[in-house]
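The values are calculated or read from the model by the stated rules, or taken from the named source; none is laboratory data. The structure displayed is predicted, hence computed values, not measured ones. Cβ: placed from backbone, ideal geometry, glycine included. Neighbour counts: every protein chain shown.
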Ligand SMILES: Nc1ncnc2c1ncn2[C@@H]1O[C@H](COP(=O)(O)OP(=O)(O)O)[C@@H](O)[C@H]1O
Ligand SMILES: O=c1ccn([C@@H]2O[C@H](COP(=O)(O)OP(=O)(O)O)[C@@H](O)[C@H]2O)c(=O)[nH]1
């Protein structure tokens with residue numbers, strides 16, 4: 001089974017145990033015979049650089065590039081935590097990802113190009129590798145009927161169709177650093193290739209196997 005695991009860059013904004021949990025989760029999947037690709041976001045570090053550069057008037061392309069480079073640093077953290085199983089270069093484009101994937105090792109990517117998020121990178125990687133599953137590991141338990149960090153009464157949706165997913169995601173933000181959960185590019189790729197997606201909380205990585213089997217709280221995008 002081939003899995004692409006998109007991990008929020010926020011995972012590195014907390015304590016270093018998250019990197020160890022991520023490493024162990026990936027090693028566990030590999031030991032069970034899964035092929036695994038990992039995509040890491042830029043987290044607060046990216047947003048710090050983006051805000052600093054925004055203050056000096058940098059354009060959105062430059063801001064996105066700062067986010068991309070930060071996400072690649074995060075990606076190298078994961079590569080270096082997996083020296084036995086990881087492909088030792090972070091691919092910088094889908095072409096490079098495909099080439100790295102052909103070596104049969106765990107491939108870890110950050111950003112690819114301005115105007116999208118690492119969720120788009122993960123969707124492109126899932127499509128290109130014919131992945132069986134795309135897992136989006138974020139800082140909430142799944143997809144809610146509205147933004148749970150704004151609306152405390154938001155309800156978790158356990159199973160969702162693409163039309164409803166588009167309705168509950170606010171994709172009005174397109175500035176660097178503001179793409180929320182699944183950006184328009186990610187949704188477009190997921191929809192055209194009918195990619196099976198699970199949205200989970202990265203604080204539950206130790207339950208990743210149960211989440212893959214649908215035994216743990218998360219959201220499944222079903223076709
Ligand atoms: N319908 C929704 N369901 C869940 N989260 C949502 C929803 N709409 C907006 N969000 C927001 O998206 C955030 C996750 O997106 P983002 O901050 O980009 O995380 P990541 O670092 O995983 O890319 C959540 O913390 C939540 O505030
Ligand atoms: O292919 C990509 C990936 C990332 N980014 C930029 O890098 C930032 C950090 O990536 P992301 O938001 O996906 O990280 P996360 O939300 O997981 O921390 C994004 O907001 C974009 O500004 C980009 O321009 N192109």
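Being within 16 Å of ligand 2 (Cβ to nearest atom), within 13 Å of the chain's Cα centre (by Cα) and farther than 25 Å from residue 98 by Cβ is the requirement here; does residue 6 meet it?
Numbers: within 16 Å of ligand 2 (Cβ to nearest atom): yes; within 13 Å of the chain's Cα centre (by Cα): yes; farther than 25 Å from residue 98 by Cβ: no.
No, not satisfied.
On the basis of being within 8 Å of ligand 1 (Cβ to nearest atom), farther than 26 Å from residue 29 by Cα and either modelled with pLDDT of 95 or more or in contact with a helix residue (DSSP H, G or I) (Cβ under 6 Å, 6 or more places away or on another chain) (or both), does residue 179 make the cut?
Numbers: within 8 Å of ligand 1 (Cβ to nearest atom): yes; farther than 26 Å from residue 29 by Cα: yes; either modelled with pLDDT of 95 or more or in contact with a helix residue (DSSP H, G or I) (Cβ under 6 Å, 6 or more places away or on another chain) (or both): no.
Judged against the criteria, residue 179 is not a match.
Restricted to segment 205-223, and to residues that are within 22 Å of residue 23 (Cα to Cα), surrounded by 14 or more Cβ atoms within 10 Å (Cβ to Cβ) and touching a residue at least 24 places away in the same chain (Cβ under 8 Å), which residue is farthest from ligand 1 (Cβ to nearest atom)? It comes out as 209.
Looking across 168, 78, 108, 140, one residue alone is touching a residue at least 40 places away in the same chain (Cβ under 8 Å) and over 18 Å from residue 26 (Cα atoms). It is 140.
Going by what's in this entry, would residue 159 be described as surrounded by 14 or more Cβ atoms within 10 Å (Cβ to Cβ) and in contact with a strand residue (DSSP E or B) (Cβ under 7 Å, 6 or more places away or on another chain)? When the stated conditions are applied, residue 159 does not pass them.
Quick one: which of 165, 134 is within 16 Å of ligand 2 (Cβ to nearest atom), closer than 30 Å to residue 1 by Cα and surrounded by 19 or more Cβ atoms within 10 Å (Cβ to Cβ)? Explain how you work it out, then say what you get.
Working: 165 fails: within 16 Å of ligand 2 (Cβ to nearest atom).
When all the criteria are applied, what remains is 134.
Residues in segment 173-196 that are under 25 Å from residue 64 (Cα atoms) and touching a strand residue (DSSP E or B) at 6+ places or on another chain (Cβ under 9 Å) were compared, and the one that is surrounded by the fewest Cβ atoms within 10 Å (Cβ to Cβ) is 181. In the set 103, 76, 62, only one residue is surrounded by fewer than 18 Cβ atoms within 10 Å (Cβ to Cβ), modelled with pLDDT of 95 or more and within 27 Å of residue 193 (Cβ to Cβ); that residue is 103. Considering only residues in segment 9-24 that are surrounded by fewer than 21 Cβ atoms within 10 Å (Cβ to Cβ) and within 16 Å of ligand 2 (Cβ to nearest atom), the one that is farthest from residue 207 (Cα to Cα) turns out to be 13.
Among the residues of segment 25-54, the one identified as surrounded by fewer than 22 Cβ atoms within 10 Å (Cβ to Cβ) and assigned to a strand (DSSP E or B) is 35.
Only residues that are within 9 Å of ligand 1 (Cβ to nearest atom) and farther than 25 Å from residue 12 by Cα were counted across segment 130-150, and they come to 2. Among the residues making up segment 118-129, those that are within 25 Å of residue 207 (Cβ to Cβ) and either over 16 Å from the mean Cα position of the chain (by Cα) or within 16 Å of ligand 1 (Cβ to nearest atom) (or both) are 118, 119, 121, 122, 123, 125, 126. Looking across segment 181-195, the residues that are over 14 Å from residue 115 (Cβ atoms), touching a residue at least 60 places away in the same chain (Cβ under 8 Å) and not in a helix (DSSP H, G or I) come down to 181, 182, 195.
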